[in-house]
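Structure first, commentary second.
The numbers here are math on the coordinates, done by the rules we state, and not lab data. Because the structure is predicted, anything quoted here is derived from the model rather than measured. Virtual Cβ from ideal backbone geometry, glycine too; neighbours counted across all protein chains shown.
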Amino acid sequence: MTTAMMAAVFLIGGNSVYAEPQSTTKDLNDFLCKEVMRLSGSERENALALLHGYRLGKKNTTQYQVETLAAFTDSYIDHCLDNPGDNALAVFEKIAK
């Protein structure tokens, strides 16, 4: 399963790729930092991968540097741990300008 597919599962709220599709629409703008920080293991990795992919898509590029993504991730996690009520997407966009 690709990271994008797994991130999609996170967004639709399912725990399994084989779950029935849900008709509920979710919006990245609705997630708080604490919701991302409550995820663990691969679920958090998938959410972070989705945020990175969203950013790359907005920049209309497929190129990235691993070290830069790692630095964005570290800064994001530090901020979210200190500010759990902040909007997860807004924080990521600010950090990963």
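The figures follow:
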{"item": "Segment ASP78-TYR54, length gained on full extension (0.36 nm per residue, minus Cα span)", "result": "6.6 nm"}
{"item": "Extension reserve of the ALA71-THR25 stretch, reckoned as 0.36 nm per residue once the Cα distance is removed", "result": "13.5 nm"}
{"item": "Under Karplus coefficients 6.51, -1.76 and 1.60, residue-wise ³J(HN,Hα) of region 43-57 in Hz, glycine/proline x", "result": "5, 5, 4, 5, 5, 5, 4, 5, 4, 4, x, 4, 4, 4, x"}
{"item": "Charge dipole of region 40-94 about the Cα centre (unit charges at C-beta), most positive-ward option of SER42, THR73, LEU56", "result": "LEU56"}
